[in-house]
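Read through the structure below, which is laid out as structure tokens, and then see the notes.
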Amino acid sequence: MSYTVIIPARFASSRLPGKPLMEIAGKPMIQHVWERAKESDASRVVIATEDQRVLEACQKFGADVVMTLATHESGTDRLQEVVAKLGLADEDIVVNVQGDEPLIPREAIAQVANNLALNTQAGISTLGEAITDKSTVFNPNAVKAVCDRAGFALYFSRAPMPWCRDEWSTDALASEQRDGQGGLPDAAPFMRHIGIYAYRVGFLHQFVTWPMGVLERVEKLEQLRAMENGVRIHIELACVNIPGGVDTEADLNAVRAHLLGKA
């Protein structure tokens with residue numbers, strides 16, 4: 001199966017300006033991401049950036065780079081500009097690998113592409129992992145997902161989902177906090193969403209014509225715009241452990257320590 005990987009690499013990160021070019025084990029972060037993507041069976045790997053400095057750095061290590069507008073409101077808008085410039089057909093599959101995922105496994109890239117190819121009713125596929133600790137369920141930075149029996153997403157949220165009414169009543173939660181006890185209910189299917197996506201190109205051309213929806217606006221989750229417009233999203237549990245990306249200085253230092261330890 002043929003698919004293209006596109007790696008958005010935005011220089012103007014609000015929390016870590018210049019993030020794609022930050023050094024990790026002797027290389028810019030974006031080079032690590034590109035190398036992981038090149039290890040997959042993608043037919044083509046393209047970096048998309050709005051910054052000349054990122055363009056020049058990527059060209060030095062031999063990457064295929066496309067310049068995009070700096071005015072895009074979302075990463076999906078940036079992807080659509082790239083697929084249009086590349087002239088990809090509506091039925092082609094592209095995988096969006098974030099430019100701040102220097103440890104992304106090649107197996108996850110192939111999995112999300114194959115998942116979309118197998119689920120012809122879906123316009124998007126993505127991955128998830130089981131949540132085993134209560135702190136993640138209640139952490140708004142960890143996006144939760146719930147699915148139907150066939151693996152199609154019912155909703156994504158920063159709030160705890162599903163809500164365990166009996167176990168998490170006001171009195172029960174107050175008691176847990178007081179006693180320092182309480183784990184996750186065994187029967188509830190808690191899943192953390194992992195932000196790697198595969199799209200059909202035709203969907204991307206549709207997406208950019210839709211205004212931001214109410215759910216996307218309040219949750220700050222782009223995939224909800226697709227769901228509000230009737231697009232189905234299929235989720236599989238990741239076949240491998242997917243390390244976290246780089247959002248903060250602490251994340252950056254952790255990845256540096258990990259890769260230097262392997263060198």
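The values are calculated or read from the model by the stated rules, or taken from the named source; none is laboratory data. Values in this document were obtained by computation on a predicted structure and should not be read as measured data. So basically every Cβ, Gly included, is an ideal-geometry build from the backbone, and we count neighbours across all protein chains shown. Ligands, DNA and RNA are excluded from the accessible area calculation, which covers all protein heavy atoms including side chains. Shrake-Rupley method; radii C 1.70, N 1.55, O 1.52, S 1.80 Å.
Suppose a student asked you for the relative contact order of the chain, using Cα pairs under 8 Å spaced at least 6 residues apart; what percent would you report? Mind dumping the intermediate values first?
Details: 473 pairs, mean separation 63.2, N = 263.
Worked out over the chain, it gives 24 percent.
A Cα-only calculation for the stretch 63-114 places Rg and Dmax at 12.3, 33 Å.
For the stretch 11-136, the fraction of C-alpha pairs farther apart than 19 angstrom is 54 percent.
Of all the C-alpha pairs in the stretch 185-263, what % are more than 20 Å from each other?
Details: 1719 of 3081 pairs.
Here the long-distance tail beyond 20 Å is 56 percent of all Cα pairs in the stretch 185-263.
For the stretch 75-164, the pair-distance distribution built from all alpha carbon pairs, in bins 5 Å wide starting at 0, is 2, 10, 18, 19, 22, 16, 8, 3, 1, 0 percent. Taking other residues whose beta carbon is less than 9 angstrom from the beta carbon of residue 159, and scoring Lys, Arg as +1 and Asp, Glu as -1, yields +1. Under a Gaussian network description of the chain, with springs only between Cα atoms under 10 Å, the residue in 31, 111, 59 that fluctuates furthest is 59. Computed over the chain with a Gaussian network model linking Cα atoms closer than 10 Å, the most mobile of 225, 192, 217 is 217. Cut-off 10 angstrom, C-alpha nodes, Gaussian network model of the chain. Which of 99, 123, 62 fluctuates the most? Fluctuation is largest for 62.
At most 15 other C-beta atoms within 10 Å and a DSSP loop state: those are the exposed chymotrypsin sites (Phe, Trp or Tyr not before Pro) I care about. Give me the longest piece of the chain that has none. Counting at most 15 other Cβ atoms within 10 Å as exposed, the longest clean stretch of the chain is 164-263. A cut-off under 12 angstrom between Cβ atoms defines the neighbours of residue 120, and their net charge, with Lys, Arg +1 and Asp, Glu -1, is +1. As a length-normalised measure over Cα pairs under 8 Å and 6 or more apart, the relative contact order of the stretch 1-99 settles at 38 percent.
In what sequence, largest accessible area first, do 249, 101 appear using a 1.4 Å probe? Display every interim value, and only then the final one.
Values: 249 95, 101 40 Å².
Descending order: 249, 101.
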